[in-house]
Structures are given as C-alpha cells and as structure tokens.
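Each remark here refers to the structure printed beneath this line.
The values are calculated or read from the model by the stated rules, or taken from the named source; none is laboratory data. In this text the structure is predicted, and so the values were computed from the model without any measurement. Virtual Cβ from ideal backbone geometry, glycine too; neighbours counted across all protein chains shown. Keep in mind that these areas ignore ligands, DNA and RNA; they rest on the heavy atoms of the full protein, side chains included. Shrake-Rupley method; radii C 1.70, N 1.55, O 1.52, S 1.80 Å.
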Amino acid sequence: MKTGGPQAVPDVELVARIPGSKSLTNRALLLAAAAPGTSRVRAPLVSDDTVAFRTALNELGARVEAAGADEYWQVTGTGRGPAGPARVWCADAGTAARFLPPFAATGHGTFVFDGSAQLRARPQAALADALARLGARVRAHEGGRLPLHLEAAGLDGGELTLDASMSSQYVSGLLMAAPLTRQGLTLDVRSLVSRPYLDMTLSLMRHFGARFEVDEAAGRIAVRPGGYRAADVLVEPDASTASYVFAAAAVTGRTVTVPGLGADSPQGDLGFVRVLERCGARVTIGAQATTVTGGGGLRGGFDADMGDVSDTFMTLAAIAPLADGPVTIRGVGHARLKESDRIAAVAVNLRACGIRVEEGADWITVHPGAPVPARIACHRDHRIAMSFAVLALGSGVRLELDDPGCVSKTFPGFHAELNRLFPAYPIPASRQERQ
Ligand SMILES: O=C(O)C1=C[C@@H](OP(=O)(O)O)[C@@H](O)[C@H](O)C1
Ligand SMILES: C=C(OP(=O)(O)O)C(=O)O
C-alpha cells in the first residue's frame, strides 16, 4: 500500500464506524445459551470469531438466529450444560477454545473441540488441568492444546486454584460455567494477566443473574450454583479495534470520535487512549463517545506497562517509529501466546522497515526512525495487519501486507473503513478481504 502521508487538512471531526466488541459478543452468546429461554444480543460483532462461536453454540444445542441485517442475534438457551456427542470447531477463536469446554463440562456426553493450526498452537494446560481436577475426563495434546476430548457428567464444583499467567480466558471460561455446577465453584486466581477481561466477565454474569462474591485481597471468587436467567445485551463498539482509528488520529493530526464507547465501558482496552495521551494526543472520554485529536507530532521517550491492554500494544509499537524518542512497552509476555508471537512479529516487521528495535521476554523498545518500504508478514494475525496499516498511513510509506484479509477475525471491513476516514490510505488489492 502506498499512502499520501500526513497532510495539512482542516480539523474536521471524523466519526468512525467501529463494529461490536468480540469479547462482549462471545460472552453474551455463551451466557444466553446457558440461560433458559430467549435472550437477545443486539448489535453483535459479525466476524470470523463470533460466527465461529455462534456456530459452535448451535452445535452444542442452543439456537442462535440472526434477525434482520444482524441487528440482533436471538439466542434460545437450554438453562443447563449441553448434551453430547458434539464436535465443535473453534476456528481461530481463543474465546471459543477457552470458554466452551468448561461450559460443555457442565453437561453430559462426549465433546471434541478443535480449531485451526494457529489455535492448536496456543497453550491451555491450566484450563485442561482445572477441568480434570473438577472431575471431567479430559484428553488433550501437550500443554492442553487442541484437539481436546472431553467426557462430561456434570460438575460438582468445589474449590480450585488456577494459574492465569498465560491467559485470563481460562478464568473467564471457568467462571461462566460455575453457576451450572451442582455446588458452585470457588476460584483462587494466581498471577492473573489481562485483568479487565475478568471484570467484564463478572459484570456480564451479574447481568444474566449469576450470584458471586469477590475477595480482591485474596484473589478469590466464589460463584454460587443456580444458573442464569435470560437477558438482553447491547454490544458496544470494540475498544481494541478502536485503537487503530485512535492511533490514526494521533499520527495524522486529525480528530477521530468513536460513538458508543464511553466512560462506563467495561472494555479495558479503552485505556489505550491514555497511552496516546502520553504521546501528546488530546483525549476526551465522554459519557457516550471517545475522541482523540492528534497534532504536533508524536512524543516518545517513555515506558508504558501495557499488560492489562496487551491487545493494543502492537498499535503503539507500530506507530512508535514516528515518535521523537524511544518507546518501551513492558508487561506483555503473554502477547507471545496469541494469534502470533506478537513481540517477535512486531520486532521482525519493524526491522524490515529499517527501524531499530530491542526486545526481551516481556518487553520491546522501539526507536524513532523513518520507515522504508517493506512487505509486512502478518502471520495471519489481524492485529499485526491493522497496526502496520496505521504505520503506513502515518508514514506515507508503502507497506505491503502479505495477508490483508486476516483482519476478518475481528473487523472484516477494516481496510474500507480506514480508507473512508483517511482517503490517503489505499485499500490493499486483495482477494482475501471479506466484507
Ligand atoms: O477474554 C477475552 O475476551 C479476551 C482476553 C484477552 O486474552 P488473554 O486473557 O489471553 O490475554 C484478549 O487478548 C483477547 O483478545 C480477548
Ligand atoms: C488475542 C486475541 O484473540 P483471542 O485470544 O480471543 O483468539 C485478539 O483478538 O487479539
């Protein structure tokens, strides 16, 4: 892609159309499937990850039907764990691989969970062990990896200590299954990463009628048995996805507003805008919308711990060469275990652009520099593609994504929307982008 680079333009506010949150959509779908009766998930994200999740729930006995042009998805839940046998395809979705097996374990029968080669490579030993300790018969590859075979006869529940240093999704999956256990489940959570996602889980569980107590100091969550009740959920725009248009505002000196993402958002990744503030952008988080205004260049020369907002660290790292000093991002070791080894993927691609980068187990430092044209290896990672698209826009340099279509994991229309907001960004020639 070749872009026109930053231009002197009047500061007309750009209003971005950001699709719904993946994390809210897939949690709401699961809880609705576990509740008896009819729930509605309004304004759901329609992308590879949520369509895979919806299809998987249909396999597991819930009925999920789209209404209109996906204005809402209607879910008819069963009020209990699923009945096997069932084979469940999780595609590339970590949320499916980590949320659905605990739910299935509260049901009866045999279940096989599998996914793409990319998902098969992702670890989930702590989750597989937890299910086995709770009494399910589990057979998985080393590290709890897919394919995972489960023989379920309901779960009694009880007490469990869980290592959440690799992913918070194990905790979320077990918590969402907990009200369906016979005695309830108390989790002692150790070394938790991505904390805001746990809060999102608890807030949605409460919305669907679950009862639990949280002992913050002890890291203990006690969930009572009793199941869920049906509820409606309005899904707000995805804050991780919004990071790309906010970063685009910062590098072009424009103003971008995302309606529907406000101060009450349960999405931790909205915190990314606070990092942009450190780069010199002006940020307003209102009740109903968030606005970022760039201008005066990007400031660097700081360290940021992005452990809680790790899906957005690549957004910052990719634009960091345009800053006036080095930027160090810390606390993101778990980002090596996602769709790609994201620290390595960012480092290799920035070096291909001629940028100096240092990295360690859980950190990366990016030095200022003028990027040169390069081919970006996306590793089928939607966030690598979207992050480097913003660098291309901000630098005006030709960066060719090797797989522009991989954005469909969470935002099938990404390139078109970035082009609509910033016509200097050319839509990559691709047979792969699915609108
Ligand atoms: O629970 C969730 O919806 C998610 C949790 C995070 O994963 P980890 O807990 O593995 O960091 C995040 O990266 C992912 O995109 C979505
Ligand atoms: C890590 C991600 O996805 P997941 O773990 O849900 O597959 C992501 O969307 O950045």
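Run the numbers for Ala117 and Val372: contour at 0.36 nm per residue of separation, minus the present Cα-Cα distance, in nm.
Numbers: separation 255, 0.36 × 255 = 91.80 nm, distance 3.21 nm.
Stretched fully, the Ala117-Val372 segment lengthens by 88.6 nm.
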Burial-style ranking of 77-87, 172-182, 95-105, average other-beta-carbon count within 10 Å with highest first, yields 95-105, 172-182, 77-87
C-alpha long axis of helix 22-34 to longest principal axis of the chain, angle in °: 10
I'd like to know which of Ala392, Ala374, Gln74 lies farthest towards the positive end of the charge dipole of the chain, counting +1 on Cβ of Lys and Arg and -1 on Cβ of Asp and Glu. Gln74
Rounded to the nearest 500, what is the chain's calculated 222 nm mean residue ellipticity when only DSSP H runs of at least 4 contribute -39500 (n - 2.57) each, over all residues? -9000 deg cm²/dmol
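With viscosity set to 1.002 mPa s at 20 °C, what whole-number translational diffusion coefficient in µm²/s follows for segment 169-325 from Stokes-Einstein and a Kirkwood radius over Cα pairs?
Values: Rh = 17.3 Å.
Diffusion coefficient, whole number: 124 µm²/s.
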Computed FRET value (nearest 0.05) for Arg299 with Arg351, which takes r as the C-beta separation and R₀ as 35 Å: 0.90
Scaled to the compact-protein estimate 2.2 N^0.38 Å, what is the alpha-carbon radius of gyration of segment 22-216, rounded to two decimal places? 0.93
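Over the residues of segment 218-288, compute the C-alpha Rg and express it relative to 2.2 N^0.38 Å. Spell out each step's value before the answer.
Numbers: Rg = 16.5 Å, N = 71, 2.2 N^0.38 = 11.1 Å.
Computed over Cα atoms of segment 218-288, the ratio equals 1.48.
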Over the chain, relative contact order from alpha-carbon pairs under 8 Å, at least 6 apart, %: 16
Spelling out what I want: for every residue of segment 310-325, take phi, set θ = phi - 60°, compute 6.51 cos²θ - 1.76 cosθ + 1.60 (Karplus), and round to whole Hz; glycine and proline get x. 5, 5, 9, 5, 5, 4, 6, 4, 5, 8, 4, x, 7, 7, 8, x
Normalise the Debye intensity by I(0) for segment 289-435, one equal point scatterer per Cα, no solvent, then take log10 at q = 0.09, 0.20, 0.22 Å⁻¹ and round to two decimals. -0.25, -1.31, -1.52
To the nearest Å², the heavy-atom accessible area per residue of segment 22-216 with 1.4 Å probe amounts to 36
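Would you mind putting 361-371, 231-241 in packing order, based on average other-beta-carbon counts within 10 Å, highest first? Each step should come with its number before you reach the end.
On the way: 361-371: 17.8, 231-241: 22.7.
Highest mean packing first, the order is 231-241, 361-371.
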Bin by bin, in steps of 10 Å, what percent of the Cα pairs in segment 1-118 do you find, going until the bin that has the longest distance? 13, 40, 24, 10, 8, 4, 0
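Percent of accessible area on segment 22-216 owned by carbon and sulfur, 1.4 Å probe? All intermediate terms of the calculation are to be shown ahead of the outcome.
Details: 3320 of 7030 Å².
For segment 22-216, the apolar C and S fraction of the accessible surface comes to 47 percent.
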From most to least accessible, 1.4 Å probe, no ligand or DNA/RNA atoms counted, Ile18, Ile427 line up as Ile427, Ile18
Would you mind counting up the charge near Ala52? Only other residues with Cβ under 12 Å from its Cβ, with Lys and Arg at +1 and Asp and Glu at -1. -2
Percent carbon-and-sulfur accessible area, segment 276-435, ignoring ligands, DNA and RNA, probe 1.4 Å: 50
Global size of the chain as Cα Rg and Dmax, reported in angstrom: 21.3, 65
How big, in percent, is the set of alpha carbon pairs in segment 124-226 lying more than 16 Å apart? 55
